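To keep things clear, I will list the structure first and then write my remarks on it.
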Amino acid sequence: MKKNRSGLCAAFCALLCLAGAVQAQQEPLPLPLDDVRLFTEALDRIRMSYVEEIDDRTLLENAIRGMLANLDPHSAFIDGREFDSLQETTSGEFGGLGVEVGQENGYILVIAPIDDTPADRAGVRAGDLIIAIDNQPVRNMLPEDAANRMRGEPGTRVTVTISRDGLEPFDLEITREIISISSVRSRMLEPGYVYVRIPVFQLNTGEDFQNEIAGLLEENPELNGLVLDLRNNPGGVLQASVGVVDSFIDSGRVVYTQGRMQETATEYFANAETVAPDLPVVVLINGGSASAAEIVAGALQDHGRAVVMGTRSFGKGSVQSVLPLDQDRAIKLTTSLYYTPDGRSIQAQGIEPDIVVEEAFITRRSRNVTQFAEADLPGSLENQNGIDGNIAPLASAAEVLTTDYPLNEALNLLKGLNTLRRN
């Protein structure tokens, strides 16, 4: 019994050291002795009476996990393997399915599948609930643990059971791949109008975005408008979102954070070197747009620099800090909330678009045989400006119209804004 008590004391001292590391920057708080005694008593009884022998380190790590798991969906204990996974995600290459997850009602919530990844191609959607992985229920499982189960060697398969509104739960068997994410992609929609997609914010996204816009402006000096697509963007590196906003504004606050500790209060400002200060911009968001994506949409909205279109965003307005505990363990702790330049908190509220446009599929109506124009009539006079009366629509515009209704609306809005600028 002495040996066990000695191990318990050592384990409890280790726990106090871990707590001290977190509170190192604060005034020490008095420990509630009755609660501490309750904790040590529970720890001792578990060690002595549990059906299987369990070591002190495992018990203490589980205690820390439990403390964090009951704070909010984003705070978590990170061991060495999980810390490596976090680094891989922010750097842009890792093995797995390519899906950002959170927690809702005890199940794993899909915040967003990342573009052109196995999860995206398999049909996983933002808002889906993952209720089992390889037939193992995930009820009350931490999002980090679920993400680790879905990671694995490229070429191996994993089965996820999906619950989606209006459907019976169904299985998707997905083959893991190395997930290499290109953080910025662009294409011309029509002459003068460009589409730029950011699927996730990585360490280099801000710089990549600015270089992409500078290149597009150099190739197309008469660029009339840009659609920035942040739909199903689960967020990522906060500083990268600041770089994207800085491409469009030359002064003012982009975002600020506030928490209990003084060092968590930070502000980010735009600098005067702006790539596209006058280019009309429409930002597309939806329920899968979270975190850094909401920072961009909210900042451009507050500065009156872009029209935000789509549906309300996800509403993740908290900042997580990774606090090392020792060489191979750390805690990811929610330490502050971020706010838009005008002081709006996005937490659990999201960004409301300026123009609500729901996702929809539309088709172009075939021309009725009774519908004629002046140019179709026999012997009609020619246009004196030398313009052909039968103008075929651009293929790219037709493609947008039939496959992506919000993008089509964004393009139409940009055309309208450009018409007003010319007048």
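Please treat every number below as a calculation from the coordinates, not as lab data. Because the structure is predicted, anything quoted here is derived from the model rather than measured. As a convention, Cβ positions derive from the backbone with ideal geometry for all residues, glycine included, and neighbour counts pool all protein chains shown.
If you wrap the range 105-242's Cα atoms in a convex hull and average its projection over all directions, what's the area in nm²?
Mean orientational projected area (the range 105-242, Cα hull): 10.2 nm².
Grab the Cα-Cα distance for Gln262 and Asp72, subtract it from 0.36 nm times how many residues apart they are, and report the gain in nm with one decimal. Write out the running numbers ahead of the final one.
Numbers: separation 190, 0.36 × 190 = 68.40 nm, distance 2.10 nm.
Length difference between fully extended and current span is 66.3 nm.
Ratio of Rg to Rh for the range 185-356, alpha carbon only, Kirkwood?
Working: Rg = 16.2 Å, Rh = 16.3 Å.
In the range 185-356, Rg relative to Rh is 0.99.
For labels at Leu377 and Arg157 in the simple 7 Å Cα→Cβ model, what's the distance in nm?
Here the modelled spin labels are 6.5 nm apart.
Can you list the trypsin sites (Lys or Arg not before Pro) in the range 92-153 that are in a DSSP coil and have 14 or fewer other beta carbons within 10 angstrom?
Sparse-neighbourhood loop trypsin sites (Lys or Arg not before Pro): Arg139.
In whole Hz, with x marking every Gly and Pro, tabulate ³J(HN,Hα) for the range 209-218 from phi via Karplus 6.51 cos²θ - 1.76 cosθ + 1.60, θ = phi - 60°.
Once rounded to whole Hz, the list reads 5, 4, 5, 5, 5, 4, x, 5, 5, 5.
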